[in-house]
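The values are calculated or read from the model by the stated rules, or taken from the named source; none is laboratory data. Everything numeric in this text was worked out from a predicted model, so none of it was measured. Cβ sites come from the backbone with ideal geometry, for glycine too, and all protein chains shown count toward neighbours.
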Amino acid sequence: MNDLSAAPPPANFRHAAFLQSASAIENAPSDLGWEVAFAGRSNSGKSSAINTLTGQKKLARTSRTPGRTQLINFFALSDNQRLVDLPGYGFAKVPLAVKKKWNQQLERYLQHRQSLRGLVILMDIRHPLTEPDQQMLGWAVTAGMPVHILLTKCDKLKRGPAQNTLLTVRGQLSAHAELVSMQLFSSLKGLGVDELGRQLNRWLTDDSVLDANETP
């Protein structure tokens with residue numbers, strides 16, 4: 001039996017396999033091991049990023065109606081390492097009651113999930129730091145959760161403007177520099193995949209990373 005309390009070896013993202021879906025954190029897999037969650041607006045390119053990272057075109061599936069699927073999807077990397085695909089947020093046509101219920105679920109997941117080691121927030125580089133993005137960041141910062149921002153679809157901008165946007169967003173979040181890191185990313189061009197993999201493995205293997213509910 002594997003020791004789930006010991007830091008595991010680096011993850012092989014190509015071995016990612018669907019584990020289960022959950023409509024609430026109460027239905028999630030046992031809160032043991034190490035996991036990293038992906039969050040982003042419905043049009044941020046979240047599923048494409050997960051598929052590019054894992055080299056599997058259909059691992060994370062997109063709904064034909066953005067914002068409709070409200071399930072947390074878990075993907076196993078090993079016996080004690082997981083990737084978590086959170087439902088897209090910020091889609092205007094979702095009923096307010098559904099938004100409110102799901103916001104509560106997201107907040108609870110970020111603040112109480114013991115195995116969650118880091119959160120990847122994806123933002124379209126042309127529209128970064130929208131109000132829902134800032135709300136998600138606020139929850140993570142409150143929970144003391146490390147965040148790595150992917151400025152996606154960077155191929156839509158020339159190199160200079162893309163770098164300028166990265167620097168601007170970094171400056172806007174400088175007050176949270178200890179918790180928040182960021183990079184450029186393009187699923188279409190495969191840009192930033194290795195950098196993302198290195199960041200995820202820091203979270204999935206470094207036992208010095210403390211959960212928000214742990215004390216040093």
Among the residues of segment 183-190, is any among the aromatic types (Phe, Trp, Tyr), modelled with pLDDT of 95 or more and touching a helix residue (DSSP H, G or I) at 6+ places or on another chain (Cβ under 7 Å)?
yes
Residue match in segment 85-105 (condition: farther than 22 Å from residue 201 by Cβ, among the acidic types (Asp, Glu) and within 16 Å of the chain's Cα centre (by Cα)):
no
So which of 49, 39, 76, 60 is outside any loop (DSSP other than H, G, I, E, B), touching a helix residue (DSSP H, G or I) at 6+ places or on another chain (Cβ under 6 Å), at pLDDT 85 or above and among the small types (Gly, Ala, Ser)?
39
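Results for (1) of a type in the set (Lys, Arg); (2) in contact (Cβ under 8 Å) with a residue 40 or more places away in the chain; (3) closer than 19 Å to residue 50 by Cβ; (4) loosely packed, with under 13 Cβ neighbours inside 10 Å, shown as yes or no for each residue.
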residue	(1), (2), (3), (4)
111	no, yes, no, no
122	no, yes, yes, no
144	no, yes, no, no
147	no, no, yes, no
172	no, yes, no, yes
175	no, no, no, yes
178	no, no, no, yes
203	no, yes, yes, no
Return the only residue of 118, 88 being within 30 Å of residue 8 (Cβ to Cβ), at pLDDT 95 or above and either out of contact with any Lys or Arg (no Cβ under 8 Å at 6 or more places or on another chain) or not polar (S, T, N, Q) (or both).
118
Please enumerate the residues belonging to segment 32-46 that are in contact with a strand residue (DSSP E or B) (Cβ under 9 Å, 6 or more places away or on another chain) and farther than 10 Å from residue 87 by Cα.
33, 34, 35, 36, 37, 43, 44, 45
Taking the condition within 22 Å of residue 115 (Cα to Cα), out of contact with any helix residue (DSSP H, G or I) (no Cβ under 6 Å at 6 or more places or on another chain) and either charged (D, E, K, R) or without any contact (Cβ under 8 Å) to a residue 24 or more places away in the chain (or both), does residue 138 pass?
yes
Criterion (among the polar types (S, T, N, Q) and farther than 16 Å from residue 180 by Cα) met by exactly one of 114, 135
114
Can you work out which of the residues in segment 69-106 that are among the charged types (D, E, K, R) and more than 26 Å from residue 185 (Cα to Cα) is surrounded by the most Cβ atoms within 10 Å (Cβ to Cβ)?
99
